[in-house]
1. Answer with one residue from A:126, A:500, A:315: the one whose Cα lies farthest towards the positive end of the charge dipole of chain A, charges on Cβ with Lys, Arg +1 and Asp, Glu -1.
2. Okay, helix-only estimate at 222 nm for the protein assembly as shown: each DSSP H run of n ≥ 4 adds -39500 (n - 2.57), divide by all residues, round to 500 deg cm²/dmol; what do you get?
3. Compactness ratio of segment A:329-373: Cα Rg over 2.2 N^0.38 Å, N = residue count?
4. So, in Å, what gap is there between the alpha-carbon centers of segment A:226-294 and segment A:434-468?
5. Output ³J(HN,Hα) for segment B:77-84: one whole-Hz value per residue in order, computed from phi by the Karplus curve 6.51 cos²θ - 1.76 cosθ + 1.60 with θ = phi - 60°, and x for Gly and Pro.
6. Please give me, ordered by residue number, the trypsin sites (Lys or Arg not before Pro) of segment A:25-106 that lie in loop per DSSP and have at most 15 other Cβ atoms within 10 Å.
7. Please report the Cα spread of chain A along all three principal axes, rounded to whole Å, starting with the longest.
8. Which loop-located trypsin sites (Lys or Arg not before Pro) does segment A:459-526 contain, where loop means any DSSP state but H, G, I, E or B and the Cβ has at most 13 other Cβ atoms within 10 Å?
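Any read-out appearing in this document is the output of simple, stated calculations on the displayed coordinates, not a laboratory observation. These numbers come from a predicted model, not from an experiment. Every residue, glycine as well, gets a Cβ built from its backbone with ideal geometry; the counts of neighbours run over all protein chains shown.
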Amino acid sequence: MGESQPSVPAPADNFEGKLALGAQSIKVLVVEDDLPNRFILQAILQKQGYEVIHAENGQEAVDLFQRDRPDLVLMDIKMPVMDGYEATKRIKAMSGDVFVPVIFLTATSEKDGLVKCVESGGDDFLTKPYNPVLLQARIDALMRIRDLYSTVHRQRDELAQHQKRLDRERMLAKRLFTNIVNNGSLDRPNIKYMLSPMSLFSGDILLAAPKPSGGLHAMLGDFTGHGLAAATGALPVSSIFYGMTAKGYSIGEIVAEINIKLRTILPIDMFLAACVVDMDHVTHKLSVWNGGIPVAVIYGAREKEIVRRIHSRHLPLGIVDDDTFNRRVDVFDMREGDRLYICSDGLTEAQNPHGEMFGIGRLEALFETNREPESLFEEIRASLADFQAGRKQQDDVTLLEIAYEQAVLEDTVGWTEAAQGHNVVPPATWSLNLQLGADIIRHLDPLPVILQSMADLQGFRGQRQYLHTVFSELYTNALDHGVLALSSHRKKTAEGFAEYYREREVRLANLKQGFVNFRISHAPHAAGGELVIRLEDSGPGFDFNSSPPTLDENRGNSGRGIQLLRSMCERITYFGAGNIVEVVYRWR
Amino acid sequence: MPVTSVVSSDGKIRTIKIGGRFDFAVQTEFRECYCHTRPEDNVKFIVDLSGANYMDSSALGMLLMMREYLGGNAANITLTNSSQDIKSILTVANFQTLFSMA
């Protein structure tokens, strides 16, 4: 595409300057078969500093135009071979995007002739006798228009390039985002979800991961601040979520960590509304931290209606400092078959072709009319699809359903392994000692640290769930009944349970003295290894020589307790005053 | 003008009134209303939402930016006259912990 741009910088501010610049390099094609007329024009133009080429008829004009690409054409009308109208049409066609003004040279101001000039694509007229000042003024005006055209086209092309690049980057970001964030972790028998393509782009995330000893953590997040916030924050958030869940951290600790991270990397006006849950199959409870998610409910399997609404009690993540951050969770009971539903406002704000919103009313009505909890998710999906039928734009709809199913929640071995990846280290000899005083016991749960160290040392693929349980039991006993001297009999009733934990919190907060010491050693054994775990606590101990029932009452907690340890370990032995316990755990 | 601002005669109270949609489109105008005030001037700000028929999360972000600009915890900002819809957006986000509501 031969664009004959004058090689001058952007139009000068003053008129004279523009004239001077323009005149220097503008090439004018004069198409006139009458010699005297042509000479006059040539003289005028050359005097004004324009470069002049000439043609004697329309055909020559077209050929010359093709070859020399003039900036402007002065076109006579009546010429042999090809007239001015035809030549102009062809020249205009050839110049394409570039604006090459054509000024018709007319001897008459007859209406018909003028109309035909315009129809052929002509931009202006000049009648004899040719006035040099008028000619110059007209040429300048047309050149300014020409510059405008070329600027617009250039910007249009630049914009198109930018847009193409943006689209490419968006596609890439979406692909990366999906790979990193989803991770196949939502692929569980008790989990159903909707995550429309727009959701990912607009910054909704959905994460789920098994806890080391069963149960799961899940999170629905909604980034604000357009795609940029999501692009920046999604990776760290998912990394923290998966990493800390795998290490056995609680959701309170996880949201606190995410809050710090987002506070650091995102500007103040960007944040993450999130609902993070812990579904525990042992305590039959759902713990929730909800900061900014409007819809989170528990649907009762028996009642066939919403039994609990989980309100947003916190500011979204990434707004306040760690010292102001509130990590308190709400706890709810769950029974077999009960379902947790969380959705982003994309669902309630989804529009139909008339611009109406789906709304919370419609959603609640679906919960109300449902008779078969198993199909509720499908009913919601179908209703939404019907509502949106015909609408061109995609909405960012994100919906999560997690059913409380004991068997599925317990069985996390396969899930855990997939989440942890491969980590095979041949059984080796090593030991790990850890002495924890009151100060550290008061503010830190040491289990994630211990379990992670062990995993780093030995891998323990396939064992982590069990090891977590063993350590959990041992440490809870040592801390609760040893150091904090709590008695477990209260835990037998629901209110007693709550009382127990309240008392525990108080004693823990006021703890000034005490310790729990770990001595862990590992050696190869048969086809695997043998782990000897010894805990000593500063508590009074108990009479471990008396019969098993006393054992369970004082040292076990209501539920699994010692029985569980017995089933998982080779042996359990007590020493000293009963404040030292040693278990042997074998694995293959 | 969807966003207007008036100041009391003693210059101590500035009221910003939002009309129509409170979203990213009014970002610059909204910022103009407070960015000439310094935190140490101790000006009380009132954001009157009675005329607002829509608010999204970018508006929440703008409010946070305003609060930070005016000194964070030291800022004195009251949100007033929100409609039911807008009030529920603010409540779900628990913004009453950061802003006075009236």
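1. A:500
2. Values: 23 runs with 284 residues, N = 690.
One gets -13000 deg cm²/dmol as the mean residue ellipticity at 222 nm.
3. Values: Rg = 13.9 Å, N = 45, 2.2 N^0.38 = 9.3 Å.
Here the answer is 1.49, to two decimals.
4. 22
5. 10, 10, 9, 10, 6, 6, 6, 3
6. Those satisfying the criteria are A:78.
7. Largest first, chain A extends 132, 57, 45 Å along its Cα principal axes.
8. Values: sites: A:461, A:464, A:490, A:491, A:492, A:502, A:504, A:507, A:512, A:519; in loops: A:461, A:512.
Answer by residue number: A:512.
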